[in-house]
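All remarks here apply to the structure that follows.
Just so it is clear, none of the values below were taken in a lab; they were calculated from the coordinates. What you see is a predicted model, and the numbers here were worked out from it, not measured in a lab. When we count neighbours, we look across all protein chains shown, and the Cβ atoms used for this are built from the backbone with ideal geometry, even at glycine.
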Ligand code: NAI
Ligand code: CS2
């Protein structure tokens with residue numbers, strides 16, 4: 001059978017020339033999803049091309065994605081990334097992956113054994129916001145999370161990413177092996193701090209000496225990661241097969257833009273990802289905040305109000321001038337004023353570039369995909385800015401409409417009365433609220449009472465409650481498109 005590993009690929013595929021046989025698995029990555037393939041694995045590939053170093057990656061999926069891991073093995077851990085600009089596409093062969101594991105295919109012990117190998121220096125993660133099992137409002141470990149309850153009852157047989165990390169560190173400590181760095185690459189505000197808090201909270205419940213050892217010896221650098229990488233579709237896979245010259249079921253399409261800002265705080269060495277365009281800095285938090293509020297905040301706004309307005313993709317929303325202007329204003333009027341950036345940062349240029357990226361017609365980024373897991377996303381994308389405006393007495397109407405859009409979306413029925421497939425770890429709570437209130441403005445207060453999302457302060461703030469209530473009523477009365485136009 002022709003595969004990417006044994007075929008002469010089309011001329012246009014950009015191939016690395018470094019010797020794969022020199023690579024060693026020094027990074028274990030949890031979360032072989034769409035994003036990692038087009039971001040950290042690609043940065044690593046380009047770093048290897050320039051440095052002749054040996055940093056190879058072992059890919060692990062802890063939840064789902066068995067088929068992808070099997071497929072990756074079938075193609076000798078090689079795959080391609082198609083960087084799709086508005087006018088042209090670059091296709092790159094990625095060769096930085098050395099091996100792969102899945103607990104369902106290989107057993108949990110095999111994953112833990114890999115994480116415990118002496119040369120493994122970094123465990124990185126793209127496990128989605130919910131993978132941290134943290135309370136979205138506090139950023140601390142959620143002890144009521146089902147996975148955490150099970151892992152705490154049986155810590156040597158973990159299921160959650162946090163459980164795996166703590167158990168692997170326990171085994172390393174017991175064997176006298178130096179620890180690894182834990183590097184989150186998820187869209188989580190202060191992702192390294194959240195990972196650290198979850199790991200330490202968990203370890204403290206298992207063994208306080210182990211927790212103290214982790215606290216003293218393990219680092220959790222924060223990172224700001226950016227590249228729009230929609231989930232693969234039949235269409236993108238067909239396009240990639242044509243561009244590459246052979247089927248590549250691990251292939252992924254994304255935008256040309258990419259950014260990676262990393263806190264330079266590693267306990268066992270790190271690759272020189274800077275030679276591939278990453279930036280190492282001492283404090284990532286302002287960059288993370290900028291990206292989460294300006295890019296992701298407006299993405300979520302467009303996802304909820306776009307989906308309700310009948311737009312399937314982000315680029316479709318950008319064809320409507322009201323949405324385009326609302327997204328830009330959301331960035332510049334609702335989010336930018338809340339940021340505290342290093343001197344010289346040009347937020348207007350950043351917002352202009354974001355609108356251009358959202359407009360890229362070659363990317364089919366579904367509003368439904370971005371709308372997923374809103375309970376985990378809303379607090380960090382909109383919560384901080386809201387509190388800023390409420391304290392300052394400044395205008396936050398874009399944020400109020402964004403939250404009202406999310407509330408209307410989780411009702412689970414669109415503006416034509418058709419069902420919406422709402423995916424969220426808290427979906428049952430939303431269903432219970434709507435079962436009681438129906439599509440009625442009284443649902444607003446019930447949703448605002450969910451402490452894990454809104455804390456306890458927002459529901460007590462009359463200015464905020466009435467702004468969201470009015471925005472919700474407007475969506476009910478006139479629909480999402482008119483509500484966006486009203487801004
Ligand atoms: P995906 O759906 O392709 O992959 C999700 C990955 O998370 C899978 O590998 C899955 O095994 C893992 N996962 C899911 N639930 C988990 C859990 N409870 N514990 C451990 N692992 C779990 O999604 P994609 O696009 O790879 O995005 C993943 C994350 O990467 C996002 O949630 C976001 O935080 C971050 N990201 C994504 C970007 C994108 O444009 N796709 C860009 C920037 C960041
Ligand atoms: C999106 C992000 O799915 C989402 O919630 O907002 O994945 C977004 O595409 C990336 O953060 C871009 O870097």
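Can you tell me which of 443-454, 333-344 comes out highest on packing, and rank the rest after it, using the mean Cβ neighbours within 10 Å? Before the final figure, lay out each step's value.
Values: 443-454: 19.1, 333-344: 15.7.
Taking the mean over residues of other Cβ atoms within 10 Å, the ranking is 443-454, 333-344.
Averaging sequence separations of C-alpha pairs under 8 Å and six or more residues apart, then dividing by the length of segment 111-188, give the relative contact order as a whole percent.
Numbers: 84 pairs, mean separation 35.0, N = 78.
This gives 45 percent for segment 111-188.
Report, in deg cm²/dmol and to the nearest 500, the calculated mean residue ellipticity at 222 nm for the chain, where each DSSP H run with n ≥ 4 adds -39500 (n - 2.57) and the sum is divided by the residue count. Intermediate values should be presented prior to the final figure.
On the way: 24 runs with 219 residues, N = 487.
That comes out to -13000 deg cm²/dmol.
Would you mind pulling out the separation of the Cα centroids of segment 207-270 and segment 296-362, in Å?
Cα centres, segment 207-270 to segment 296-362: 23 Å.
Could you work out the relative contact order of the chain? I mean the mean sequence separation of Cα pairs under 8 Å and 6+ apart, divided by the number of residues, in percent.
Working: 891 pairs, mean separation 71.0, N = 487.
It comes to 15 percent, rounded to a whole number.
If each residue's Cβ is checked for other Cβ atoms within 10 Å, how do 140, 381 rank with the fewest at the top?
Values: 140 13, 381 26.
Least to most surrounded, the residues fall as 140, 381.
Using alpha carbons only, how many degrees (0 to 90, rounded to 10) separate the axis of helix 161-175 from the longest principal axis of the chain?
Value to nearest ten degrees: 30.
Hey, what did segment 285-485 get for relative contact order, percent, Cα under 8 Å, at least 6 apart? Numbers along the way, then the final one.
Numbers: 248 pairs, mean separation 55.6, N = 201.
Relative contact order here is 28 percent.
Pop the C-beta distance of residue 235 and residue 349 into the FRET formula with R0 = 22 Å and round what comes out to the nearest 0.05. Working shown, then result.
On the way: r = 32 Å, r/R0 = 1.47.
Using R0 = 22 Å, I get an efficiency of 0.10.
What list do you get for 226, 67 if you sort them by fewest beta carbons within 10 Å?
Values: 226 19, 67 11.
Lowest count first: 67, 226.
May I ask for the angle, rounded to the nearest 10°, between helix 427-437 and the longest principal axis of the chain, with both axes built from Cα atoms and the value confined to 0 to 90°?
With rounding to tens, the tilt is 10 degrees.
So how do 329, 76, 462 line up by other beta-carbon neighbours within 10 Å, fewest first? Could you put the intermediate results ahead of the total?
On the way: 329 17, 76 14, 462 8.
So the residues, fewest neighbours to most, are 462, 76, 329.
Which Rg and Dmax, in Å, describe the Cα atoms of segment 102-231?
Expressed in Å, the Cα Rg and Dmax of segment 102-231 come to 14.0, 42.
For segment 138-200 and segment 45-107, write down the distance between their C-alpha centroids in whole Å.
Computed from Cα coordinates, the inter-centre distance equals 24 Å.
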